[in-house]
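Colleague: I have a structure here, written as structure tokens, and I will follow up with some questions on it.
The values are calculated or read from the model by the stated rules, or taken from the named source; none is laboratory data. Model, not experiment: these values are computed from the prediction. Neighbour counts run over all protein chains shown; Cβ positions are idealised from the backbone, glycine included.
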Amino acid sequence: MNALALEGSAMVGRHLRRIRHAPAIAVMTQTMPIAFLLFFGYVLGGALAVPGAEYRSFLVPGLLVATAAGGLMTGMFQAAQDTHRGVTDRFLTLPVGRAAVPLGQAVADLVVCAVGTVPLVLVGFAMGWRIEGSAPAALGALGLLLLFRLAATWVGILLGLASESEEAAGQLGSATFMLPLLSNAYIPTDGMPGWLRTVAEWNPVSAVTTAVRELLGNASAPAGAAWPVAHPVAGSLLWSLGLIAVFAPLAVRRYARRWAGGVSLLLMTGPVRAR
């Protein structure tokens, strides 16, 4: 366990340095929510069912959760980039635990998300959004956001490791942009057609968004909502912990299979190189 913590810390440092030297993804994933906040808050806010400042209070928690869901895209792209540019193969030659590399990426992404949330919150404050709940509830909302980001990142890491190419991962990652759109992050679900409302409310983004809104004191669950939205904190925890429990072991196993393949290749080619 100590070895895993030490190796994982080294991988966290590596990913943080990587983001510092290539900040394009971090900048894009953090500026897009702010652009959405300005666009929806001022351009479309007056035309939606929740007008003016009330809509901004509704919107900011949704954008915070949409940012957390962005871990799916960043996790996928970074894992695919390392895999298809040969970086992962280099790690396979080092005495590093098989879980340390994906774990380091997931923790580093969590740190970047926590820091990157600050500008969105500040812009929200400038637009009139306020935290109406208690301080412990607000800390609970932050904890749910980070837990959901961790879950989304593990899903992305697995998909990135399984991707056929870096370009394919990028295209699939762009498609994840639809997840917040098919939820209650931007608009209420009670005005949707019945089948679409069901799809939106069983989207994990909807449960986490409703939980964050309730904990921040901005809104409550709509009447007649599906179970994850009607019980948002419990639904958020079940979604997030369930995704981590399924996808984290699968991601480590996928990396381990590549590690085993790399070791087998070294054993097969070693005698050839010696001759």
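Colleague: Tell me, which residue of region 156-172 that is surrounded by fewer than 23 Cβ atoms within 10 Å (Cβ to Cβ) and in contact (Cβ under 8 Å) with a residue 40 or more places away in the chain is farthest from T83 (Cα to Cα)?
Modeller: Filtering region 156-172 for residues that are surrounded by fewer than 23 Cβ atoms within 10 Å (Cβ to Cβ) and in contact (Cβ under 8 Å) with a residue 40 or more places away in the chain, the one farthest from T83 (Cα to Cα) comes out as L172.
Colleague: Right, next: Consider F125 carefully, then state whether it is of a type in the set (F, W, Y) and surrounded by fewer than 19 Cβ atoms within 10 Å (Cβ to Cβ).
Modeller: Yes.
Colleague: Among helices (runs of 4 or more DSSP H) lying entirely in region 5-87, which contain 2 or more residues that are modelled with pLDDT under 80?
Modeller: 24-38, 52-69
Colleague: Quick check on region 129-143. Is at least one of its residues out of contact with any strand residue (DSSP E or B) (no Cβ under 6 Å at 6 or more places or on another chain), modelled with pLDDT of 95 or more and crowded, with 18+ Cβ neighbours inside 10 Å?
Modeller: yes
Colleague: Of the residues that make up region 187-207, is at least one within 28 Å of H84 (Cα to Cα), surrounded by fewer than 19 Cβ atoms within 10 Å (Cβ to Cβ) and either out of contact with any helix residue (DSSP H, G or I) (no Cβ under 9 Å at 6 or more places or on another chain) or among the β-branched types (V, I, T) (or both)? Write out each step before concluding.
Modeller: Restricting attention to region 187-207, the residues satisfying the condition of being within 28 Å of H84 (Cα to Cα) are none.
There is no residue in region 187-207 that is within 28 Å of H84 (Cα to Cα), surrounded by fewer than 19 Cβ atoms within 10 Å (Cβ to Cβ) and either out of contact with any helix residue (DSSP H, G or I) (no Cβ under 9 Å at 6 or more places or on another chain) or among the β-branched types (V, I, T) (or both).
Colleague: On the given criteria, is G224 at positive phi and either modelled with pLDDT under 95 or buried (at least 20 other Cβ atoms within 10 Å of the Cβ) (or both)?
Modeller: Against the criterion (at positive phi and either modelled with pLDDT under 95 or buried (at least 20 other Cβ atoms within 10 Å of the Cβ) (or both)), G224 qualifies.
Colleague: Is there a residue being assigned to a helix (DSSP H, G or I) and of a type in the set (S, T, N, Q) anywhere in region 212-233? It would help to see each step written out before you state the result.
Modeller: Step one: filter region 212-233 for residues assigned to a helix (DSSP H, G or I), giving 212-216, 227-230, 232-233.
If we keep only those that are of a type in the set (S, T, N, Q) as well, we get none.
The answer is no; no qualifying residue exists.
Colleague: Taking region 124-145, which residues are closer than 14 Å to G62 by Cα and touching a helix residue (DSSP H, G or I) at 6+ places or on another chain (Cβ under 6 Å)?
Modeller: Scanning region 124-145 gives G124, W129, I131, A141, L144, L145.
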